[in-house]
Structures are given as C-alpha cells and as structure tokens.
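Encoded as structure tokens, the structure appears first; notes follow it.
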Amino acid sequence: MSDPKPLDVIVVGAGLGGCACAMAMHYAGFNVTVLEKVHKFLRLGDSLGLGENALRLLQRWGLHDQLIDIGNKSELMQIRRWGDGKILAQQPLMDMAGYIGHRGDYHEAFLARVKELGIEIKMGCNVVSYDENEPSLTLSSGEVYKADVIIAADGIKSLARELVLGFEDKPKSSGYACFRAFFKGAYLKSDPLCREFVEKECVNIWIGNDVHLVQNTLRDGDEFNWIITHKDTEDIKESWFQPGDMNEVRKLVEDVDPRIGNAVRSTKECLDWKICYRDPIPSWVSKSHKIVLLGDSCHPHLPTSAQGASQATESGAVLALCLKLGGKDNIPLATRVYEKLRFSRVRQSQLNGEDLRDRWHNALKDLDVDGEIDPESVKMRVRLFMSNRWLYPFDAEADTLHRWQEVSAQVSEELANGKIIPLFTGAASKVVA
Ligand SMILES: Cc1cc2nc3c(=O)[nH]c(=O)nc-3n(C[C@H](O)[C@H](O)[C@H](O)COP(=O)(O)OP(=O)(O)OC[C@H]3O[C@@H](n4cnc5c(N)ncnc54)[C@H](O)[C@@H]3O)c2cc1C
Ligand SMILES: *[C@@H]1O[C@H](CO)[C@@H](O)[C@H](O)[C@H]1NC(C)=O
Ligand SMILES: *[C@@H]1O[C@H](CO)[C@@H](O)[C@H](O)[C@H]1NC(C)=O
C-alpha cells in the first residue's frame, strides 16, 4: 500500500510569514504550494528582529546558522536621553529586539530554504478572489487553485481578511506614525559628530517626550537606518512606501542629541509609515473553517514589539501541528484550535509593543529635573525600560502539544453546536457597511 495522499496546502504570500508557514507545512508532511503576487522580490524594508522563539522553530526546519550570521552582530543596545544622548540604560539586544538584521537579507534566507526543501513558489500569481467552501482561489489570470486548506499570509492589506470578517477592515490611526530611512551610511564615517554610530553594527534608542528614535547600523557599518516614532494625527494613507517629508523630520529632531541629529538631518529621503497596524479581529478563519489567516494579515505588530516576523513564524508552526494532530478529515477542528491557541499570546505580544512605546515616550516625564533616573530605584529602571525577555523562552510546538487535548475538546463542542466563540468581541462595533 502506498501512503495516503498528503494534505494539499496552498499558502498565499511568500513574505517571511508565508515562507515560515510553508516550511512548517512541509515538515508536517503536507504538499505545499506557495502563490506570490510579485514577479520578483526586491530588498525592501530595513531592520527586523527575530527572537529566539522563532529561531527555535526555524532551526527545526533547517534554517538557523544563516540567520545568526545575519543578525548576531551587536550585543548591547543603549537607551539614551533625547536631548544629549546620555545613556539611561544598557541592555542585551537579545532581550529587547532579538537578532536584528535587514528584512531583505532574512527574506532571502527564508526563500532559499523554502526552495531547497523543494517547495514550489509560483511568482506573479495575484489572488483576486476566494471560494471558502471548496476551498479554492482565483488568480488575476483566471486560473483557479483548489486545496484542502488555504492559508492567507498576504500581509497587512490582506484580501482574505475581508472574506473572513465579512466586512472591510479599515485601518484606524494609532495616533503615531514612523518616519524611516535606510541607506548606505559610509559618508557618515567622516562626520566626527556621528562617527561613533556608524563605524560598526550597533543599536541606540533616543527617548523623548512623545517621541523616540531608533538607530540601527547593519552589515558591519555599511548600512545605516533610523526610525522616528512620533505623534501623528494626519489622515491615514497606509503604505510601506509612502515618501516622508524631510522638512518635518528636521523639525522633529531639532532638539535631539546633535550627534544623531546630524545623521538624520543630512539624510536625503525617508519613508512615512502611517500605521500598518490593526486592532484584533474576532476571527482568523473563514466560516467554512478552511481559509486561514496568518501573520500580518491577522496579527500585525508595531515596530516596538520587534515580533512581527517571529509571531508569524510561531503561527506557522502551530497551524501545521494542529493540522497534523487533527488529521486530514478534521480541518475545521484544526484551524479553530489554531486561532484559539494563538490569539492571547499574539495579543500580549502586540500590546507589549504599545506598552513599550508608551513607556519610552513617558520615561523622561517620570525622571527628576536633571533627567536622571533615580539611582536608588532599580525597580523603576526595570519598569521604564522593560524587556521582551518573557517572549523568547516559549516553544510554540511544545505548547500546542500540551494544550491540544483541552482546546480541541472545547472546539469540538463549539463545532457541534454550530457556534464558534469569537476571539475578540471589542472590534465588532467597528463594522463598516
Ligand atoms: C515592504 C515591506 C517592508 C517591511 N519592512 C519591515 C521592516 O523594516 N521591519 C519590520 O520589522 N517589519 C517590516 N515589514 C513587516 C514584516 O515583514 C512582517 O511583519 C513579517 O515579515 C510578517 O509578514 P507576513 O509574511 O505576514 O506579510 P508580508 O511580509 O507583508 O508578506 C505578504 C506577502 O503576500 C503577498 N501578497 C499580498 N497580497 C497577495 C495576493 N492577493 N496574492 C498573492 N500574494 C499576495 C505580498 O506580495 C507579500 O509578499 C515589512 C513588510 C513589507 C511588506
Ligand atoms: C500538490 O499540490 C499541487 C497544487 O495544489 C497539485 O497540483 C499537485 O498535484 C499536488 N501533488 C501531490 C503529490 O498531491
Ligand atoms: C552570538 O554572538 C555572541 C558573541 O560573539 C556569541 O557568544 C553567541 O554564542 C552567538 N550566538 C549564537 C546563537 O550563535
């Protein structure tokens, strides 16, 4: 007897989330095909953190040393006072942001591993509609793909999310926006003011009132990146690529530590990231239980979380394991256990990003007049600068195995009653006609 036909899985989107998910599905023994809209990937974005929670899983899928080579460069990061750059705290980078590398470099490594595993990525495949009952999807070319389960890792502007929600999920301003720039910073090495930040890989953060500036130097000092998070009440035009106004940036950094100020002011162009964030949604799975959201399509993160790619990786691992534990005839059970297992952890990780941002933006207000941290109050220091440490020891697969029995019993009941309990009810009032 030959093996039974493996589960057919289609992953929409070959970003970091889609690639991680494809690897997880492959290792679970499924037949995975990835469909990606763009014809060719460019090296987009700037710094991205990968936490040990993700690296632990990626290692099981044969992808580790390449990632460490990219990201394990700076050991400590400094948190500095906005006006003069005085170091307020110093913490291991691995406790705060994980391994920091260029998003494009990580993406290249993810794509290479997917190909090495023999998983097909079909480029230039733009999904324009879904049939959740088949389930199937249609490309702009008219071509139709059918599978046992379809996973939409199609990013923040997810088309599948609207199908799952049954309404258009409009972005709402978080009250903040980021200006970001990324460029070859070699010319800064001749600037005596900012030289110390560009000579080698390093990460520094300047915190001020309602503003913070993150500086990352990558590729052994060849590449330079800054991100300024600031209050913003402008209308939303959500895009990864919208150009930013350098005059506005120059105003924001008028009173920042002159060393980093010089580097920012001399930057030629930057991007304006309005939000790229969403409130939690009540479901990650279509009513048919066969189309599933993963990654930024259902749980985008703020830059201060430094967990967008890592949480997407965890989601891939959990979904694959649920499908395997549930078996081919129990896809609804598996997908609903997946969303229940993931939701609260992802939510904590998202909120952690908001919390950290708010702490940084208020930290100086809590300091004494000289802007010194009360030296006696070690507790305050911890409270002010808090770390992401708690996120990293988690093993998403072990947790799934541990909780499968309990959660699958609950889901079985919900499925039998025909009533799936929403993940989150607070967002229901935001329904857009
Ligand atoms: C251009 C860009 C720059 C970014 N820069 C940073 C950064 O500097 N730092 C950081 O921490 N995070 C960055 N992010 C976010 C980070 O990459 C994600 O949080 C993380 O990788 C998880 O994303 P994802 O795979 O779920 O979605 P994404 O990375 O957004 O990938 C989604 C993929 O789906 C494809 N897709 C979308 N719609 C369709 C469709 N209809 N049919 C077929 N394919 C489709 C897209 O082309 C894309 O390749 C960036 C994301 C993007 C898209
Ligand atoms: C794997 O999936 C693809 C696309 O859905 C399909 O064309 C192919 O026949 C499948 N292969 C196997 C071995 O089932
Ligand atoms: C990262 O680099 C440090 C310092 O060079 C080293 O001690 C550590 O083992 C490295 N981490 C990994 C996972 O290789």
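If you go through the range 88-108 one residue at a time, how many are modelled with pLDDT of 90 or more and crowded, with 21+ Cβ neighbours inside 10 Å?
As a first pass, look at the range 88-108 and keep what is modelled with pLDDT of 90 or more: 98-108.
Cutting the leftovers down to crowded, with 21+ Cβ neighbours inside 10 Å gives us 98-102, 106-107.
The qualifying residues number 7.
Picking from ARG60, ARG80, which residue would you name as being away from ligand 2 (no atom under 16 Å from the Cβ) and modelled with pLDDT of 95 or more?
ARG60
Filter the range 237-249 for residues that are assigned to a loop (DSSP other than H, G, I, E, B) and within 20 Å of GLY45 (Cβ to Cβ); which is modelled with the highest pLDDT? Even if it seems obvious, please write down each step before you answer.
So the first thing to find is which residues in the range 237-249 are assigned to a loop (DSSP other than H, G, I, E, B), and the list is 237-242, 244-245.
Checking the rest, the ones that are also within 20 Å of GLY45 (Cβ to Cβ) come to 237-242, 244.
Details: LYS237: 68, GLU238: 65, SER239: 68, TRP240: 68, PHE241: 76, GLN242: 85, GLY244: 93.
Among those residues, the one meeting the criterion is GLY244.
Among (1) within 16 Å of ligand 2 (Cβ to nearest atom); (2) under 24 Å from the mean Cα position of the chain (by Cα); (3) in a loop (DSSP other than H, G, I, E, B), there is one condition ILE121 misses while meeting the rest; what is its number?
(3)
Kindly indicate which of ALA153, ALA160, ALA177 is open to solvent by less than 60 Å² (accessible area, probe 1.4 Å), farther than 27 Å from ALA20 by Cα and either within 11 Å of ligand 1 (Cβ to nearest atom) or touching a strand residue (DSSP E or B) at 6+ places or on another chain (Cβ under 8 Å) (or both). Explain how you work it out, then say what you get.
On the way: ALA153 fails: farther than 27 Å from ALA20 by Cα; ALA160 fails: farther than 27 Å from ALA20 by Cα.
Checking each option against the conditions leaves just ALA177.
So which of GLY18, GLY71, GLY51 ends up being open to solvent by less than 70 Å² (accessible area, probe 1.4 Å), within 26 Å of ASN216 (Cβ to Cβ), within 13 Å of ligand 1 (Cβ to nearest atom) and without any contact (Cβ under 8 Å) to a residue 60 or more places away in the chain?
Numbers: GLY18 fails: without any contact (Cβ under 8 Å) to a residue 60 or more places away in the chain; GLY51 fails: without any contact (Cβ under 8 Å) to a residue 60 or more places away in the chain.
The unique qualifying residue is GLY71.
Scan the range 382-433 for residues that are farther than 18 Å from ARG336 by Cβ, within 24 Å of the chain's Cα centre (by Cα), assigned to a loop (DSSP other than H, G, I, E, B) and at pLDDT below 95 and jot them down.
Hits for the range 382-433 are MET386, SER387, ASN388, TYR392, PRO393.
Give me the residue from the range 250-309 that is among the hydroxyl-bearing types (Ser, Thr, Tyr) and either not assigned by TED's automatic domain parsing to the domain that holds VAL149 or not in a helix (DSSP H, G or I) (or both) and, out of that set, nearest to ligand 1 (Cβ to nearest atom). Working first, answer last.
Going through the range 250-309, the residues among the hydroxyl-bearing types (Ser, Thr, Tyr) turn out to be 266-267, 277, 283, 286, 288, 297, 304-305.
After this cut, where a residue has to be either not assigned by TED's automatic domain parsing to the domain that holds VAL149 or not in a helix (DSSP H, G or I) (or both) as well, the list is 266-267, 277, 283, 286, 288.
Numbers: SER266: 21, THR267: 16, TYR277: 10, SER283: 17, SER286: 15, SER288: 19 Å.
If we take residues in the range 250-309 being among the hydroxyl-bearing types (Ser, Thr, Tyr) and either not assigned by TED's automatic domain parsing to the domain that holds VAL149 or not in a helix (DSSP H, G or I) (or both), then TYR277 is nearest to ligand 1 (Cβ to nearest atom).
Per-residue answers, yes or no, for (1) within 14 Å of ligand 3 (Cβ to nearest atom); (2) not in a strand (DSSP E or B):
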residue: ASN53; (1), (2): yes, yes
residue: LEU58; (1), (2): yes, yes
residue: GLY62; (1), (2): no, yes
residue: LEU67; (1), (2): yes, yes
residue: ALA89; (1), (2): no, no
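Give the range 135-159 a look and list any residue that's within 16 Å of ligand 2 (Cβ to nearest atom) and acidic (Asp, Glu), or say none.
Once the filter is applied, which keeps residues that are within 16 Å of ligand 2 (Cβ to nearest atom) and acidic (Asp, Glu), the range 135-159 yields GLU143, ASP148.
Report yes if SER344 is free of Cβ contacts under 8 Å to residues at least 12 places away in the same chain, farther than 30 Å from TRP206 by Cβ and of a type in the set (Ser, Thr, Tyr), otherwise no. Working first, answer last.
On the way: free of Cβ contacts under 8 Å to residues at least 12 places away in the same chain: yes; farther than 30 Å from TRP206 by Cβ: yes; of a type in the set (Ser, Thr, Tyr): yes.
For SER344, the condition - free of Cβ contacts under 8 Å to residues at least 12 places away in the same chain, farther than 30 Å from TRP206 by Cβ and of a type in the set (Ser, Thr, Tyr) - is met.
Can you tell me which residue in the range 77-87 is surrounded by the most Cβ atoms within 10 Å (Cβ to Cβ), limited to those that are in contact (Cβ under 8 Å) with a residue 40 or more places away in the chain and assigned to a strand (DSSP E or B)? Reasoning before the result, please.
Narrowing the range 77-87 to residues in contact (Cβ under 8 Å) with a residue 40 or more places away in the chain: 77-86.
Still in the list and also assigned to a strand (DSSP E or B): 77-81.
On the way: MET77: 23, GLN78: 20, ILE79: 21, ARG80: 25, ARG81: 21.
The selected residue is ARG80.
How many residues are near ligand 1 (Cβ under 8 Å from one of its atoms), open to solvent by 30 Å² or more (accessible area, probe 1.4 Å) and either more than 18 Å from GLN242 (Cα to Cα) or outside the structural domain of CYS322 (by TED's automatic domain parsing) (or both) if we restrict to the range 30-47? Steps first, please.
The initial filter retains those residues of the range 30-47 that are near ligand 1 (Cβ under 8 Å from one of its atoms), namely 35-38, 41, 44-47.
Right, trim to open to solvent by 30 Å² or more (accessible area, probe 1.4 Å) and you get 37-38, 41, 44-45.
From what is left, the residues that are either more than 18 Å from GLN242 (Cα to Cα) or outside the structural domain of CYS322 (by TED's automatic domain parsing) (or both) are 37-38, 41.
Here the count works out to 3.
The values are calculated or read from the model by the stated rules, or taken from the named source; none is laboratory data. These figures come from a predicted structure and were not determined experimentally. Here the Cβ is made from the backbone with ideal geometry for all residues, glycine too, and neighbour counts use every protein chain on show. Please note that ligands, DNA and RNA were not included when accessible areas were found on the heavy atoms of the full protein model with its side chains. Shrake-Rupley method; radii C 1.70, N 1.55, O 1.52, S 1.80 Å.
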